[in-house]
Structure formats: C-alpha cells, structure tokens
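Read the structure below first, then the notes.
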Amino acid sequence: MANVHEIYQILTPRLGQIKLYEGQCTPDYFIQQVTNVFESARNVITVANNANANTFADADKCDILKSMMGISFPSTSK
C-alpha cells in the first residue's frame, strides 16, 4: 500500500523535469504535461485511494498544478 509520501516521491522527479509555467507554451499544453505525470502514477494513486479513501485526491493534483502555475496566474479573489 502506498501512502501520500510515497506518491510524492514518485511524482517529484517527473514534475521536476517540467519547468514552472512562465508563458513558454500554451496553458493547455502545460496542464497536459502535468496531467501526463499524474497519469503515469495512476496505478499507485488508485491503490492508495482504494486502501484509504482520498489519500491523493483531485484537490492534491490541483494544488500541485497551482504551485507550478501560480505566479503566472495569481488569484483574483480578495
């Protein structure tokens, strides 16, 4: 059974190969690159989520994506 720490250990090197978003490509292309990394670990994520619900949920994926795009797309909420 994988836990969230092990999932991050799998994702970190792969995400590290993707440069933080600075307008170097279209946002859709960038999001697809990050999504592909999540898909590459899909089996491990599924096993972890089946063993313990929401071990690594969509909100976690969104947080990672926001951290990689945050500077270029700042929050507009006040």
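Here the label points at THR35 and CYS62, each 7 Å from Cα along the C-beta direction, are separated by 1.5 nm in the simple model.
Projecting the Cα positions of ILE7, MET68, VAL34 onto the charge dipole of the chain (unit charges on Cβ atoms of Lys, Arg, Asp and Glu, taken about the Cα centre) puts MET68 furthest along the positive direction. Across the chain, the relative contact order, built from alpha-carbon pairs under 8 Å that are at least six residues apart, equals 43 percent. Computed about its Cα centre, the charge dipole of the chain is approximately 100 debye, with only Lys, Arg, Asp and Glu carrying charge at their Cβ. Enclosing the Cα atoms of the chain in their convex hull gives a volume equal to 96 cubic angstrom per residue.
Any read-out appearing in this document is the output of simple, stated calculations on the displayed coordinates, not a laboratory observation. Note that the structure is predicted; figures quoted are calculated from it, not measured. Ideal geometry is used to build each Cβ from the backbone, glycine not excepted, and the neighbour counts take in all protein chains shown.
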